[in-house]
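Comments concern the structure below.
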Amino acid sequence: MNDSNLFEATMESFPDGIIIAGNDNKIVFVNTAAEKIRKISREEKIGKSILDCHKPSSLEKVSRALTYLKEKKGVFRRMVTDTENDRIYENTYQAIHDQNGNMLGSMVVSKDITDKCKAEEENRNYNQRLKLEISSLTEKLDTLFFESLNALVYTLEAKDIYTKGHSERVTHISSRFVQEVFGQAKLFSDVALAAKFHDLGKIGIPEAILNKPGKLTPEETELMRRHPVITAQILSPFDSLKDIITIAKHHHERYDGEGYPDKLAGENIPLGSRILALADSYDAMTSTRPYRKSLKPEDAVRIINDNLATQFDPALGKNFVELVETGTI
């Protein structure tokens, strides 16, 4: 068996779909698993652009992804759902380099993660069922409490027009990040709830400060920095929310220990808080505020990169930037 046959036999033995393209993005190899997963024929695709394996609606994202691979020489992943066959795939895009670091092409590996995702969904459903088994009185109190919190969120957004929709966007961004990077059911639900209520404490901040177009005075800044503590105080009556309270309270801590309210540093800052800090800062930068216009996503990414290991967790920050640059967030 020659080297070419050995290579092809090895690639065919993998249960994952594999597509390899040259540096010109033209496909040079497709294994049988990839044909089945993507519903394509290798005879039709070999020699064609790798873009031909994707739906028209995905072409812009895939094009950006290929550019990212060439410029960053990295690896990234995207989740794809095959609704027709009820399957979920994780596509891993990776640049191929020679010993000198020169890019020779790229490879896409499609892995069936349906069972993993279903297990996580079952875990989330199990947690939900546990919550529903609480006593009738506690359930009614919790329902009333959350309705009150939602009412406070709406009241806050009416009070501070520049943050209208901010909590929903931060919830979406942080939840997507957890889903892509960690896939943990409890972390997902905790971060989502903490994101929804993270600015609730601003209800106790005067509107004149919230909507002030100029720079805050030291006294005003100190008052503004109390909002995470106020959030924790509002949520504190419920022991079941203690993890969520912790995440929300510390989302303004900095990795270098110069944040607030407790000047926590590094991994002493709760993981959920470090994730929420990235999502909150990114949305704040890309939204219009009283003191400045919104920034372009690429400018926000640059600022995050410039502040890794000072304001932001460096490892989480790199993951966050990658998800933004590949269009996942």
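How high is the relative contact order of segment 16-89, in percent, with contacts defined as C-alpha pairs under 8 Å that are six or more residues apart?
Once normalised by length, the contact order is 18 percent.
Calculate for the chain the 222 nm mean residue ellipticity that helices alone would give, adding -39,500 (n - 2.57) per DSSP H run of length 4 or more and normalising by residue count, nearest 500 deg cm²/dmol.
-16000 deg cm²/dmol
As an exercise, find the ratio Rg/Rh for the chain from alpha-carbon atoms, using the Kirkwood inverse-distance average for Rh.
So for the chain, dividing Rg by the Kirkwood Rh gives 1.05.
With both partners inside the chain, how many of the DSSP beta bridges are antiparallel, as a percent to the nearest 5?
Taking every DSSP beta bridge with both residues in the chain, the antiparallel ones total about 95 percent.
Decide, for segment 173-323, between rounded, prolate and oblate: order the square roots of the alpha carbon gyration tensor eigenvalues as a ≥ b ≥ c, take rounded if a/c falls under 1.5, and otherwise choose prolate if a/b is larger than b/c, else oblate.
Taking the square roots of the gyration eigenvalues as a ≥ b ≥ c, segment 173-323 is oblate.
Could you compute the FRET efficiency for Glu220 and Asp306, with r as their C-beta to C-beta distance and R0 at 25 Å, rounded to 0.05?
My answer for the efficiency is 0.40.
If R0 is 30 Å, what FRET efficiency do you get for Ala208 and Glu168 from their C-beta distance, rounded to 0.05?
For R0 = 30 Å, the calculated efficiency reads 0.75.
State, as an integer percentage, the relative contact order of segment 178-317 based on alpha-carbon contacts under 8 Å between residues 6 or more apart.
Relative contact order for segment 178-317 comes out at 21 percent.
Considering only Ser287, Ser49, Ser273, give the residue with the highest GNM mean-square fluctuation for the chain, with springs between Cα atoms whenever their separation is below 10 Å.
Among Ser287, Ser49, Ser273, the largest mean-square fluctuation in the Gaussian network model of the chain belongs to Ser49.
Would you mind counting up the charge near Val30? Only other residues with Cβ under 13 Å from its Cβ, with Lys and Arg at +1 and Asp and Glu at -1.
0
Which residue, Glu180, Glu44, Glu84, has the most motion in a Gaussian network model of the chain that connects Cα atoms within less than 10 Å?
In this elastic network of the chain, the residue with the biggest mean-square fluctuation among Glu180, Glu44, Glu84 is Glu84.
Between Lys186 and Asn23, what is the label-to-label distance in nm when each label sits 7 Å out along the Cα-to-Cβ direction?
The two pseudo-label positions are separated by 4.9 nm.
Evaluate the relative contact order of the chain (contact order divided by residue number), counting alpha-carbon pairs under 8 angstrom at least 6 apart; express in whole percent.
That works out to 12 percent.
Quick check: at a probe of 1.4 Å, how many percent of the accessible area of segment 4-132 sits on carbon and sulfur atoms?
Answer for segment 4-132 is 50 percent, counting heavy atoms of protein chains only.
Return the FRET efficiency for the residue pair Ala119, Glu258: r is the Cβ-Cβ distance, R0 is 51 Å, and the value is rounded to the nearest 0.05.
0.80
Name the most mobile residue of Asp86, Asp239, Asp306, meaning the one with the largest mean-square fluctuation, in a Gaussian network model of the chain with Cα contacts below 10 Å.
Asp86
Within 15 Å, Cβ to Cβ, of Lys118, how many net charges do the neighbouring residues add up to if Lys/Arg are +1 and Asp/Glu are -1?
-4
Please work out the C-alpha center-to-center distance from segment 190-252 to segment 37-109 and express it in whole Å.
42 Å
The values are calculated or read from the model by the stated rules, or taken from the named source; none is laboratory data. The model shown is predicted, which means the values in this text are computed figures rather than measured ones. A quick note on method: Cβ atoms are made from the backbone with ideal geometry, for glycine too, and the neighbour counts reach across all protein chains shown. With ligands, DNA and RNA removed, areas are computed over all heavy atoms of the protein, side chains included. Shrake-Rupley method; radii C 1.70, N 1.55, O 1.52, S 1.80 Å.
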